[in-house]
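One structure is given here, and the rest of the page talks about it.
Since every read-out is calculated from the coordinates, none of them should be taken as a lab result. Computed from a predicted model, the values in this text were never measured in an experiment. Counting neighbours? That spans all protein chains shown, and the Cβs are built from the backbone with ideal geometry, glycine included.
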Amino acid sequence: MAIEFLLCLALIIFPVIGLSAAALNWPGRLNAASGAAYEAAHSVVHSPAAEPEDGRARAVEVWTNHGYDTGDIEVAFEGDPTSRGGIYRATVTVVLPAIVIPGVGRIAGGSVSRSHSERVPDFESVS
């Protein structure tokens, strides 16, 4: 009976606890990714220099301010931030771990993307 109990713990209980610990973190990661996408697009469109690197830096700053690692985020841009009336989109892809075991770390997982489209103002000064 003791061996069966240990097998039950190792094969059923611990993975369920790890999955639950990771799932509690998912809404926070998704919220941080949405905020990072918004800030990335907004900062490029409303910046006089309109540099994607500024938006990328802003997205990483938002992500790290939520307490996540900089290696867990990728930022991509689409569109022209200087095209008046155009649409500029920032897409943020973040790591979403499947199982987190305290003391061991992350096991498996995937990634999820969040994006934000910002309209380039018609009359605001852009360079």
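Descriptive notes on the structure:
- The alpha-carbon atoms of segment 1-97 define a convex hull whose volume equals 91 cubic angstrom per residue.
- Radius 9 Å from Cβ of Pro81, net charge of other residues (Lys, Arg +1; Asp, Glu -1): -3
- Looking at segment 39-106, the trypsin sites (Lys or Arg not before Pro) that sit in a DSSP loop and have at most 15 other Cβ atoms within 10 Å of their own Cβ are Arg84.
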